[in-house]
Structure formats: C-alpha cells, structure tokens
Amino acid sequence: MSSTATAMLQESPPIEVARRDLPLCCPRPDAPVWNMHPRVYLPIEDEPHHEVACPYCGARYRLAN
C-alpha cells in the first residue's frame, strides 16, 4: 500500500466494529479488496481504549459499546 493511501487511512475516523464481529481481522471479510494483505487478527478487546490499528495497512478500528 502506498504511503499516501496509508496516510489517508490514518486520517479517517476509526471503523466501528461490534462485539458480534469478534474476533476482529483485517482485512474485513466484506472489504472490497479482501486480499490486499495477509489476514491478521487484532486483539481489540484487550486494548485499554478498545482501539487498534492494522500493522499492514494502518486501518484503525474501534470497538463499539
């Protein structure tokens, strides 16, 4: 992914996910380009603020209460 695309992801608001979406993985199964990088599982429920960023693409996720 280009640095421009990564910067745009970091500037956009986090993607809200619900507990029913756990375990959280990136890319998401409903992503238009689901194979843009290897699937990685993100332990969002273990994070203090329930927010996590994908180490590959920088997409940010927030667990909705």
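The values are calculated or read from the model by the stated rules, or taken from the named source; none is laboratory data. Keep in mind the model is a prediction, meaning the values are calculated, not measured. Reconstructed Cβ throughout: ideal geometry from the backbone, glycine too, with neighbour counts over all protein chains shown. Quick note on the areas: whole protein, heavy atoms, side chains included, nothing else; ligands and nucleic acids left out. Shrake-Rupley method; radii C 1.70, N 1.55, O 1.52, S 1.80 Å.
A few points about this structure:
- All positions within region 1-18 that are at pLDDT 95 or above and surrounded by fewer than 12 Cβ atoms within 10 Å (Cβ to Cβ): GLU16, ALA18
- Cross-chain or 6+ apart pairs with Cβ under 7 Å, region 29-52 first and of a type in the set (A, V, I, L, M), then part of a helix (DSSP H, G or I): VAL52/ILE44
One line per residue, one yes/no per condition, for (1) over 20 Å from GLU11 (Cα atoms); (2) open to solvent by 60 Å² or more (accessible area, probe 1.4 Å); (3) assigned to a loop (DSSP other than H, G, I, E, B):
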residue: PRO29; (1), (2), (3): yes, yes, yes
residue: TYR41; (1), (2), (3): yes, yes, no
residue: GLU45; (1), (2), (3): yes, yes, no
residue: PRO48; (1), (2), (3): yes, yes, yes
residue: TYR56; (1), (2), (3): no, yes, yes
residue: ARG62; (1), (2), (3): no, yes, no
